[in-house]
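A.B. asks: Please see the structure below; I have some questions.
Each value in this text was obtained by applying a stated rule to the coordinates, not by laboratory testing. Everything numeric here is computed off the predicted structure, so don't read it as measured data. Ideal geometry is used to build each Cβ from the backbone, glycine not excepted, and the neighbour counts take in all protein chains shown.
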Amino acid sequence: MFTEDDLLPISALQHLAFCERQAALIHLEGEWQENKLTVEGHGLHDKVHEDDAEVRNGVRLVRGLRVRSLEFGLVGAIDMLELTPVDSAEAGGVALPGLRGRFLPYIVEYKRGRPKLDHCDEIQLCAQALCLEEMLGASIAESAFFYGTPRRRHAVTLDMDLRAETGRLAVRLREIIDSGQTPPPEYAPRCQNCSLIDLCLPQAPRQEGSVSRYLKRTINEVTSEETA
Amino acid sequence: MKKLLNTLYVMTSGSYLSRQGETVVVRQDDEIKLQLPIHTLSAIMCFGQVSASAPLLGFCAARKVTVSFFSMSGRFMARMVGPVSGNVLLRKAQYRRADDQAFTADIARSFILAKIANCRTVLLRASRERIGDTVLAGAADDLKTHLLNLSEPIALDRIRGKEGDAARTYFSVFDRLITSQKEAFVFHERSRRPPLDNINALLSFVYTLLAHDVASALEGVGLDPAVGFLHRDRPGRPGLALDIMEELRPFTADRLVLSLINLRQIKAEGFEKTASGAVQMNDATRKIVLTEYQKKKQEEIRHPFLNEKVVVGLLPHIQAMLLARYLRGDLDGYPAFIFR
């Protein structure tokens with residue numbers, strides 16, 4: 001079990017699933033560079049967190065919930081939690097602080113753009129569910145994304161594989177943060193979509209001796225320029 | 001590459017800066033002179049009697065816009081920045097390595113190699129137009145000798161010695177690089193505290209601008225601008241900013257000063273000798289210098305190590321980032337900026 005001081009952000013898991021170096025640059029070195037995508041993402045989230053709880057068709061909607069898991073050592077926030085009233089605990093209903101009755105919790109995370117091909121987003125959703133399960137003593141079988149294009153809901157089953165992968169990433173994240181070492185870059189096509197490409201410099205010469213070769217070569221070139 | 005944002009220079013005495021929504025407002029005599037969206041700015045630099053509201057300062061801190069205050073002559077007084085950025089592990093690596101003799105000498109040698117090479121290139125560019133100037137050619141040859149002497153690792157105090165020798169050689173012929181307005185712009189030697197002639201006043205002012213940009217860039221990547229390698233620690237002195245400046249000075253500052261004079265963008269009337277002998281620039285001249293400095297920042301060049309096109313204004317940031325990479329063990333040395 002981790003303490004509250006040890007918790008790492010859920011968002012780091014997504015970054016880690018995308019690229020270990022990106023996760024380290026952001027969460028270890030404190031680097032962050034906004035690009036168009038991230039700024040638009042902020043706008044979307046601000047909107048989501050704006051309103052207070054509301055009830056729609058008998059379903060209670062709660063926005064901007066903070067969650068954590070001491071078992072996995074994670075902390076984060078949920079864009080929206082849908083709470084559907086159910087009759088009994090047998091139907092999977094959980095009791096919630098400040099509310100009467102029992103509810104089925106269903107997480108909805110808002111994303112700009114379209115569903116991604118990789119599973120970075122699913123990892124995030126699963127981590128949020130793991131946190132919520134721990135805090136509520138609930139078990140959550142399914143959650144969903146709401147994607148901006150197309151404006152559509154996309155359900156994700158929180159199966160054993162996804163849970164195992166999320167747990168593995170949480171362990172790996174902790175290893176990297178504890179080591180204090182940012183992993184070296186590996187240039188890949190995904191780098192072109194990364195907002196940190198200019199900080200990461202995945203294509204910069206990096207093999208042993210590259211800087212001393214650069215200095216020698218450049219000085220040679222400059223000194224071979226003759227005086228008039 | 002990272003986006004080069006604007007720096008807002010406020011030079012008019014009595015200006016007042018405040019926040020209005022997402023914008024910065026500059027007032028003079030209760031009249032709005034300028035209103036700029038915050039997201040177009042990376043820094044605000046205030047010279048002389050300029051004040052700013054506390055809400056504006058907080059707003060700037062939250063948006064990572066540094067607000068700095070200078071005396072009218074360009075002496076740095078204060079800078080307001082938001083929370084310390086970057087990684088504590090990086091700063092600890094910087095401190096440890098600043099105490100490591102071999103490591104320090106290795107970085108310092110990079111700074112000075114680049115500085116001397118860049119000074120020499122400035123001389124060579126000028127000597128092309130002045131064929132037969134044996135003094136200029138001789139100085140360039142001397143600098144080449146210093147460069148070759150630095151091709152193998154040597155002790156830190158010897159690096160500092162070479163740096164001093166090279167600077168003397170360079171400035172001893174600097175006057176020859178002035179090709180117009182020779183009567184008003186004469187250079188004997190470097191004087192800083194205070195500058196005693198027009199050229200020194202210009203150099204000091206442009207160096208101040210550059211030092212500020214370098215210090216901000218270092219803070220931006222999470223390095224401590226005060227802890228240098230070549231420059232020994234001295235309270236109140238931005239040692240690391242001065243280190244990185246060594247290699248950038250000839251290319252960004254010295255050439256700017258030379259072209260301001262040689263292209264007659266500034267005139268003798270823009271300078272005033274005070275009773276003590278110290279020389280000051282007037283507001284109009286400062287404005288020209290700032291405008292040209294900003295223009296220079298927009299120029300595109302090819303970075304010799306990254307082999308990528310970058311704008312000159314990002315050089316402090318790029319070098320700060322490369323230094324951070326070296327300190328973290330990502331690179332096997334510090335690739336100082338050497339221009340061709």
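A.B. asks: Taking segment B:315-339 as the search range and keeping residues that are closer than 12 Å to B:Phe305 by Cα and part of a loop (DSSP other than H, G, I, E, B), which one is nearest to the other protein chains (Cβ to nearest Cβ)?
C.D. replies: B:Gly333
A.B. asks: Has segment B:273-280 got at least one residue that is in contact with a Phe, Trp or Tyr (Cβ under 8 Å, 6 or more places away or on another chain), in contact (Cβ under 8 Å) with a residue 12 or more places away in the chain and either surrounded by fewer than 22 Cβ atoms within 10 Å (Cβ to Cβ) or among the hydroxyl-bearing types (Ser, Thr, Tyr) (or both)?
C.D. replies: Yes, there is a match, as at least one residue in segment B:273-280 is in contact with a Phe, Trp or Tyr (Cβ under 8 Å, 6 or more places away or on another chain), in contact (Cβ under 8 Å) with a residue 12 or more places away in the chain and either surrounded by fewer than 22 Cβ atoms within 10 Å (Cβ to Cβ) or among the hydroxyl-bearing types (Ser, Thr, Tyr) (or both).
A.B. asks: Would it be correct to say that B:Ile32 is within 28 Å of B:Met321 (Cβ to Cβ) and without any contact (Cβ under 8 Å) to a residue 40 or more places away in the chain?
C.D. replies: So B:Ile32 fails the test.
A.B. asks: Could you check, for segment B:139-161, whether at least one of its residues is under 19 Å from the mean Cα position of the chain (by Cα), surrounded by 14 or more Cβ atoms within 10 Å (Cβ to Cβ), under 28 Å from B:Leu196 (Cα atoms) and away from chain A (no Cβ under 11 Å)?
C.D. replies: Checked against the condition, which is being under 19 Å from the mean Cα position of the chain (by Cα), surrounded by 14 or more Cβ atoms within 10 Å (Cβ to Cβ), under 28 Å from B:Leu196 (Cα atoms) and away from chain A (no Cβ under 11 Å), segment B:139-161 yields no hits at all.
A.B. asks: Another question about this same structure. Starting from residues that are among the charged types (D, E, K, R) and in contact (Cβ under 8 Å) with a residue 60 or more places away in the chain, keep the ones in segment B:104-115 and report whichever is nearest to the other protein chains (Cβ to nearest Cβ). Break it down into steps so the answer makes sense when it comes.
C.D. replies: Initially, segment B:104-115 is screened for residues among the charged types (D, E, K, R), giving B:106, B:109, B:115.
Okay, now just the ones that are also in contact (Cβ under 8 Å) with a residue 60 or more places away in the chain, so B:106, B:115.
Values: B:Asp106: 9, B:Lys115: 12 Å.
Filtering segment B:104-115 for residues that are among the charged types (D, E, K, R) and in contact (Cβ under 8 Å) with a residue 60 or more places away in the chain, the one nearest to the other protein chains (Cβ to nearest Cβ) comes out as B:Asp106.
A.B. asks: Please verify whether segment B:241-257 includes one or more residues that are assigned to a strand (DSSP E or B) and either over 17 Å from B:Val206 (Cα atoms) or away from chain A (no Cβ under 14 Å) (or both).
C.D. replies: Going through segment B:241-257, the residues assigned to a strand (DSSP E or B) turn out to be none.
Checking segment B:241-257: not a single residue is assigned to a strand (DSSP E or B) and either over 17 Å from B:Val206 (Cα atoms) or away from chain A (no Cβ under 14 Å) (or both).
A.B. asks: Answer yes if at least one residue in segment B:117-126 is surrounded by fewer than 22 Cβ atoms within 10 Å (Cβ to Cβ) and outside any helix (DSSP H, G or I), and no otherwise.
C.D. replies: So far as segment B:117-126 goes, no, none of its residues is surrounded by fewer than 22 Cβ atoms within 10 Å (Cβ to Cβ) and outside any helix (DSSP H, G or I).
A.B. asks: Quick one: would you say B:Asp233 is under 30 Å from B:Ala61 (Cβ atoms) and either of a type in the set (D, E, K, R) or free of Cβ contacts under 8 Å to residues at least 24 places away in the same chain (or both)?
C.D. replies: yes
A.B. asks: Restricting to segment B:51-80, name every residue that is buried (at least 17 other Cβ atoms within 10 Å of the Cβ) and in contact with a Cys (Cβ under 9 Å, 6 or more places away or on another chain).
C.D. replies: Within segment B:51-80, B:Ala52, B:Thr66, B:Val67, B:Ser68, B:Phe69, B:Phe70 qualify.
A.B. asks: Suppose we keep only residues that are more than 13 Å from chain A (Cβ to nearest Cβ) and more than 13 Å from B:Leu248 (Cβ to Cβ) within segment B:299-314. Which one would you say is surrounded by the most Cβ atoms within 10 Å (Cβ to Cβ)?
C.D. replies: Per the stated criteria, the residue is B:Glu299.
A.B. asks: Could you please find all residues in segment A:62-77 being basic (Lys, Arg) and more than 15 Å from A:Ser11 (Cα to Cα)?
C.D. replies: Residue satisfying the conditions is A:Arg63 alone.
A.B. asks: Restricting to segment B:260-278, what's the tally of residues that are of a type outside the set (Asp, Glu), assigned to a helix (DSSP H, G or I) and farther than 13 Å from B:Leu203 by Cβ?
C.D. replies: Residues that pass the stated criteria total 3.
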